[in-house]
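> So that we are looking at the same thing, I have put the structure below in structure tokens.
The values are calculated or read from the model by the stated rules, or taken from the named source; none is laboratory data. Treat the numbers as computed from the prediction; the structure is a model and nothing was measured. Here Cβ is always computed from backbone atoms with ideal geometry, including for glycine, and neighbour counts include all displayed protein chains.
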Amino acid sequence: MKRIIFILLSNPLSLLGLFLVTLVIILAIFADFIAPFPEHRGAVVDFVNFNKAPEWPYIMGTDLVGRDIFSRIIYAYRISLLLGVFVLSIAVPIGVTMGLIAGYMGGKTEYILMRITDVFLSIPPLVLAMSIMGLLEPTLINGMLAVTVMWWPWYTRLVYNIARSEKEEGYVLAAEIIGASKTHIIFREILPNCLPAIVTKMTLDFGFVILIASSLSFLGLGVQPPTPDLGSMVAGGATYLPDSWWLTVFPGLAILVAVFGFNLVGDALRDVLGAD
Amino acid sequence: MNKVILSLQNITKTFALGAHEVRAIDDVSLDIHRGECLAIVGESGSGKSTLANMILGIFEPTSGEILFNNSVLPAVRDLPLRRAIQLVQQNPLSSLNPRRKIAASLRLALDVHSIGDKNERQQKIGELLEEVGLTAEQQNRFPSALSGGQRQRVAIARALACQSELLVLDEPTSALDVLVQARVLNLLNELRAKRQLTYIFITHDLSVVRNIADRVAVFRHGKLVELNKVEKIFSSPDHAYTRGLIAAIPVVTQDEVLLRDSLGNDGSTGNHNLLGNKEETR
């Protein structure tokens, strides 16, 4: 553990990643204290200060109804991170469990579970999410649901491949000969050996979930106004480019910072933990 | 108490390989006596590992029966049977879970077979480690902190943890260097005497056999070609194939040369006790 932290801190790129991720998380958690205009996260109208270029106190300008863009970005981070936590905390346990069972049990179980996974993997993620959102009301909960449905199969794939090779290791045979239960072998023997890969993928995916959630709301299918969301802020400002550039550039940069940060940390973890 | 602990009766095992089938074990009958060490030798593909896997219940014989303490071994082993027959594998690098501490690997056997209560188990883990020449403190290490020989000792401790009667030793020393090999063999000899264990020692290395086995079963192409006492095997083997195997022992030292030339005297080696029985700790 000490070694891992040391390596993470000694590499400038992973240090930058850690810094960006920490920054995003702190902004999201302490949004109420950091945002200069907390009330601007909702339906506030200020026609005196609308569509203003960056100037004090609006360091990133204001949007078309006069709300502070910096404040809205901070609250959008909060939504994005919640979305990531929600999606991953449902998708990862489901995907990992299915992958472990398919990889260890083999035979018919493996065949059925992996064909179901293949079906989900064969649908382009954004298309699947869009059709789910189209069928259901385009609310935040449904957005999370849609992203979750397309997310778990990747974990099944990942863990299945590891479990299938770990199953051939001597320690699994030893546990079987001792008479340990399948549950023990799957979750106590094989799962710990999958964790580095899972943790690495989760970190990388945090960025991707933010990205895909932004894509959905850019298309008008995600988080609905007046709730702030990076994707819909970019979409809303796109028609006013290049004159009102701050409407799109700052939310766009905010997406970049978060995704870039999580990717750097993910890459660093992959190197340190030796996952593939 | 019965003298024969394990009896193989007309065991045949075939594997389907595409259109034709392969006879891995061909009509083998064999008795293993309580307290003895029977070495099973043969080249790769002679069926010795298949035999071990059937004894361990990893797969069933195609025909024939295996009797353990006079009762037929069922296809699905219950816990008392699992407890009685244990395995030490060839490669100590893979036989211990790299992400579980030594204590966790040993405790599994105690937990599964409900041996002792919580405190007793904790104490038992330390005792087991000391019994195989390690220290009780080493239970808090991960396998990566131990040397190959030390890991093999842990694997032996794990096999002993459920108070087994019969140990299947699947080339337990072939992944170790020569000095460590001798120490581990010494340990196995000591444990057998102390705990009245029965060993089935599978190996392709006849030079190891002399140091540990009472009897030797030579396998070739799935058939049992010779079964004799170890002295007889090394002095006047019955089968030409056995002679071939002995001639193929790699000659490493002057001792070995003398030994091979003096075949016909007694087959014992002797000086391995000088090597002691403690692994250097780092």
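> Need the failing condition index for B:Ser49 against (1) touching a Lys or Arg at 6+ places or on another chain (Cβ under 7 Å); (2) of a type outside the set (A, V, I, L, M, F, W, C); (3) surrounded by 14 or more Cβ atoms within 10 Å (Cβ to Cβ), just the number.
(1)
> Based on what the data block shows, is A:Val87 assigned to a loop (DSSP other than H, G, I, E, B) and under 19 Å from A:Gln224 (Cβ atoms)?
In short, no.
> Another question, if that's okay. So is A:Phe250 of a type in the set (Phe, Trp, Tyr), assigned to a helix (DSSP H, G or I) and under 19 Å from the mean Cα position of the chain (by Cα) or not?
Numbers: of a type in the set (Phe, Trp, Tyr): yes; assigned to a helix (DSSP H, G or I): yes; under 19 Å from the mean Cα position of the chain (by Cα): no.
Here the answer is no, as A:Phe250 does not meet what is asked.
> Go through (1) surrounded by 19 or more Cβ atoms within 10 Å (Cβ to Cβ); (2) in contact with a helix residue (DSSP H, G or I) (Cβ under 7 Å, 6 or more places away or on another chain) for A:Leu121 and report which single condition fails.
(1)
> Listed residues A:Ala213, A:Ala163, A:Ala180, A:Ala175; which is in contact with a helix residue (DSSP H, G or I) (Cβ under 6 Å, 6 or more places away or on another chain) and closer than 25 Å to A:Val24 by Cα? Give the derivation first.
Details: A:Ala163 fails: closer than 25 Å to A:Val24 by Cα; A:Ala180 fails: closer than 25 Å to A:Val24 by Cα; A:Ala175 fails: closer than 25 Å to A:Val24 by Cα.
The conditions single out A:Ala213.
Yes/no per residue for (1) outside any helix (DSSP H, G or I); (2) within 14 Å of A:Ser80 (Cβ to Cβ); (3) touching a Lys or Arg at 6+ places or on another chain (Cβ under 6 Å); (4) in contact (Cβ under 8 Å) with a residue 40 or more places away in the chain:
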| position | (1), (2), (3), (4) |
| --- | --- |
| A:Pro228 | yes, yes, yes, yes |
| A:Ala235 | no, no, no, no |
| A:Gly261 | no, yes, no, yes |
| A:Asp267 | no, no, no, yes |
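> For residues that are of a type in the set (Gly, Ala, Ser) and surrounded by 14 or more Cβ atoms within 10 Å (Cβ to Cβ), tally how many sit in region A:16-63. Walk me through how you get there before you give the answer.
Initial filter on region A:16-63 (of a type in the set (Gly, Ala, Ser)): A:17, A:28, A:31, A:35, A:42-43, A:53, A:61.
Now restrict to residues that are surrounded by 14 or more Cβ atoms within 10 Å (Cβ to Cβ): A:17, A:28, A:31, A:35, A:61.
The number of residues fulfilling the criteria is 5.
> Something else about it: Only one residue in A:Ala197, A:Ala238, A:Ala258 is buried (at least 18 other Cβ atoms within 10 Å of the Cβ), within 30 Å of A:Phe19 (Cα to Cα) and more than 14 Å from every other protein chain (Cβ to nearest Cβ), so which one is that?
A:Ala258
> Out of the residues in region A:163-182 meeting the condition of being away from chain B (no Cβ under 12 Å) and surrounded by fewer than 23 Cβ atoms within 10 Å (Cβ to Cβ), tell me which one is farthest from the chain's Cα centre (by Cα).
A:Lys182
> Looking at (1) closer than 30 Å to A:Ala146 by Cβ; (2) assigned to a helix (DSSP H, G or I); (3) modelled with pLDDT of 85 or more, can you tell me which one A:Met60 breaks?
A:Met60 satisfies every listed condition except (2).
> Taking the options B:Leu106, B:Leu169, name whichever one is surrounded by 22 or more Cβ atoms within 10 Å (Cβ to Cβ), over 21 Å from A:Thr183 (Cα atoms) and modelled with pLDDT of 90 or more.
That would be B:Leu169, the only listed residue that is surrounded by 22 or more Cβ atoms within 10 Å (Cβ to Cβ), over 21 Å from A:Thr183 (Cα atoms) and modelled with pLDDT of 90 or more.
> Okay, next question. Here is a list: A:Pro36, A:Pro57, A:Pro93. Which entry is more than 30 Å from A:Arg188 (Cβ to Cβ) and either within 23 Å of the chain's Cα centre (by Cα) or touching a residue at least 24 places away in the same chain (Cβ under 8 Å) (or both)?
Among A:Pro36, A:Pro57, A:Pro93, only A:Pro36 is more than 30 Å from A:Arg188 (Cβ to Cβ) and either within 23 Å of the chain's Cα centre (by Cα) or touching a residue at least 24 places away in the same chain (Cβ under 8 Å) (or both).
> Considering every residue within region B:143-151, establish whether at least one is more than 12 Å from chain A (Cβ to nearest Cβ), without any contact (Cβ under 8 Å) to a residue 12 or more places away in the chain and either assigned to a helix (DSSP H, G or I) or in contact with a helix residue (DSSP H, G or I) (Cβ under 8 Å, 6 or more places away or on another chain) (or both).
Checked against the condition, which is being more than 12 Å from chain A (Cβ to nearest Cβ), without any contact (Cβ under 8 Å) to a residue 12 or more places away in the chain and either assigned to a helix (DSSP H, G or I) or in contact with a helix residue (DSSP H, G or I) (Cβ under 8 Å, 6 or more places away or on another chain) (or both), region B:143-151 yields at least one hit.
> Tell me which of these B:Ile115 doesn't satisfy, since it passes every other one: (1) surrounded by fewer than 19 Cβ atoms within 10 Å (Cβ to Cβ); (2) more than 10 Å from chain A (Cβ to nearest Cβ); (3) among the aliphatic types (A, V, I, L, M); (4) not in a loop (DSSP other than H, G, I, E, B).
Failing condition for B:Ile115: (4).
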